[in-house]
Amino acid sequence: MSGPGERLSHVAADGSVRMVDVGAKPQSRRRAVARATVRMAPATAARLRELPKGDALAAAQLAGIMAAKRTSELIPLCHTLPLTAVDVRLTVTESTVEIEASAETVAQTGVEMEALVAASTAALTIYDMAKAVDKAMTVTDVTLVEKHKEPAT
């Protein structure tokens, strides 16, 4: 949330929304990491690779990668970015799947939304694939945990 006197970059002076012009910015190497959690019954966590719809973990990993690549189609004011890497890692505990998604690019704007979309989509894929066996699942804690920017080489 912005404070008094701060201007939102996606809001024009007349109050309309706009895509930010990053054309004059230099390219830099950028990386962002996001996380999400899917909470479930221990019995569900134990069978995520053998659900009626198939292997939820493999599907979620692929869905997260694919979603990151399509972020600008989902979030209206995001720039289309040339992603150089996307990684989605899933860790199963007794009653959760912890998802960590990272995205990288060399561009004029960051990849935070790509990492967040990857983590969210992976979580939603697990939810979709396991909802028939666990009606009490929840998707929680979708958050950006880090972002880095360094000069392009």
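Looking across region 61-91 at every residue that is under 12 Å from the mean Cα position of the chain (by Cα) and in contact (Cβ under 8 Å) with a residue 60 or more places away in the chain, the one that is nearest to Ser120 (Cα to Cα) is identified as Gly64. For region 20-36, enumerate the residues that are surrounded by fewer than 18 Cβ atoms within 10 Å (Cβ to Cβ) and touching a residue at least 24 places away in the same chain (Cβ under 8 Å). Listed by number, the residues that qualify are Val20, Val22, Gly23, Lys25, Pro26, Gln27, Ser28, Arg29.
Looking only at residues of region 94-153 that are hydroxyl-bearing (Ser, Thr, Tyr), farther than 20 Å from Met66 by Cβ and over 14 Å from the mean Cα position of the chain (by Cα), we find that the one that is most open to solvent (accessible area, probe 1.4 Å) is Thr153. The requirement of being at pLDDT 95 or above, aliphatic (A, V, I, L, M) and outside any strand (DSSP E or B) is not satisfied by Leu90. Residues that are over 19 Å from Ala118 (Cβ atoms), open to solvent by less than 50 Å² (accessible area, probe 1.4 Å) and among the polar types (S, T, N, Q) do not occur anywhere in region 53-73.
The values are calculated or read from the model by the stated rules, or taken from the named source; none is laboratory data. Every value quoted in this text rests on a predicted model; they were computed, and no experiment measured them. Cβ: placed from backbone, ideal geometry, glycine included. Neighbour counts: every protein chain shown. To get the accessible areas, we keep the full protein, side chains included, count just its heavy atoms, and leave off ligands, DNA and RNA. Shrake-Rupley method; radii C 1.70, N 1.55, O 1.52, S 1.80 Å.
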